[in-house]
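Derivation of every value follows stated rules applied to the coordinates shown; laboratory data play no part. Note that the structure is a prediction, hence the values are computed from the model and not measured. Quick reminder, even Gly has a Cβ in these numbers, built from the backbone with ideal geometry, and neighbours come from all protein chains shown.
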Amino acid sequence: MKIKENIRIKQIGDDKILVYNDGNNLDYTRIISLNQSAAFLIEESMGKEFTVQEWAHRLSENYGIDETRALSDAQKLVDKLMQAGVFQPDTTAVE
């Protein structure tokens with residue numbers, strides 16, 4: 001997976017949000033509020049390919065949670081971000 005290049009994380013007060021950037025402006029009509037761990041994973045993955053398992057490993061290492069919970073949490077985040085259209089289309093898929 002890879003996060004789309006037009007996605008940005010912005011700090012608003014104590015909160016971090018994910019916004020779409022059309023090249024000229026940030027689109028604040030399409031935002032996603034992020035908790036600390038989600039912001040950490042996304043910031044670490046900007047511009048890079050990654051897997052759910054890699055995110056789970058990062059969660060486990062950074063927050064000291066067991067791998068099973070980390071994998072479940074990482075998968076939930078991926079599912080939500082996928083629904084929001086945050087990831088680039090998989091160009092390696094065979095039809």
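Structure data summary
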read-out	value
Among GLN75, GLN53, GLN11: highest mean-square fluctuation, GNM of the chain, C-alpha pairs under 10 Å	GLN11
Volume of the Cα convex hull of the chain, divided per residue and given in Å³	110
Ellipticity estimate at 222 nm from DSSP helix runs (n ≥ 4, -39,500 (n - 2.57)) divided over the chain, nearest 500	-13000 deg cm²/dmol
Ordering of 57-64, 82-89 by burial proxy (mean other Cβ atoms within 10 Å per residue, highest first)	57-64, 82-89
Inter-probe distance in nm under a simple model that places probes 7 Å from Cα toward Cβ, at ILE17 and THR68	3.8
Cβ-based charge dipole, region 7-83, positive-most Cα from GLY13, SER37, VAL52	GLY13
Region 7-83: relative contact order in percent, alpha carbon pairs under 8 Å with at least 6 residues between	19
